[in-house]
Amino acid sequence: MNFKILTLPKSQIQICLHCDRSDENQEIVRITAFVIDISGQELMLATFAQFADAGSARRFVFDYSEESAKRFLEECMQEDRISLISPQL
């Protein structure tokens, strides 16, 4: 599985994962979400995970769960001090 989109049921925030390659030609999975903060500004939250091979990256995408998506959002919001209009994840 090269990509996956998860929609969190309470907030309807979508988390997108897709396999890619870094500038250094390493296998990575990009994890991205667009959210609206309390001031009404749309923000893009993103990170990536690096893997030894394409198969491992695809398995990560396949196994990525709703719980993992919630943790990703919570960590990004804490790190960047973001408050959302719809705080329920």
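The values are calculated or read from the model by the stated rules, or taken from the named source; none is laboratory data. Because the structure is predicted, anything quoted here is derived from the model rather than measured. Cβ: placed from backbone, ideal geometry, glycine included. Neighbour counts: every protein chain shown. For the accessible areas, the whole protein counts, side chains as well, though only heavy atoms, and no ligand, DNA or RNA atoms are used. Shrake-Rupley method; radii C 1.70, N 1.55, O 1.52, S 1.80 Å.
Direction-averaged shadow area of the convex hull around the Cα atoms of the chain, nm²?
Average of the hull's projected areas for the chain equals 5.8 nm².
Over the chain, with the other protein chains present, what is the accessible area per residue in square angstrom, probe 1.4 angstrom?
With the other protein chains kept in place, the chain gives 66 Å² per residue.
Can you give me the % of accessible surface on region 1-46 that is carbon or sulfur? Probe 1.4 Å, all protein chains present, nothing else counted.
Result for region 1-46: 49 percent of the exposed heavy-atom area is carbon or sulfur.
Testing the spin-label approximation: label points 7 Å from Cα along Cα→Cβ at Ser68 and Ile36. State their distance in nm.
2.9 nm
Contour minus end-to-end for Lys10 and Arg59, with contour as 0.36 nm per residue of separation and end-to-end as the Cα-Cα distance? Can you show the working numbers first?
On the way: separation 49, 0.36 × 49 = 17.64 nm, distance 2.63 nm.
The Lys10-Arg59 span can extend by a further 15.0 nm.
Go through region 1-60 and name the trypsin sites (Lys or Arg not before Pro) that are in a DSSP coil and have 13 or fewer other Cβ atoms within 10 Å of their Cβ.
For trypsin sites (Lys or Arg not before Pro) across region 1-60 that sit outside H, G, I, E and B with at most 13 neighbouring Cβ atoms in 10 Å, the list reads Lys10.
So how tilted is helix 66-80 from the main axis of the chain? Cα-based, degrees 0 to 90, rounded to 10.
70 degrees
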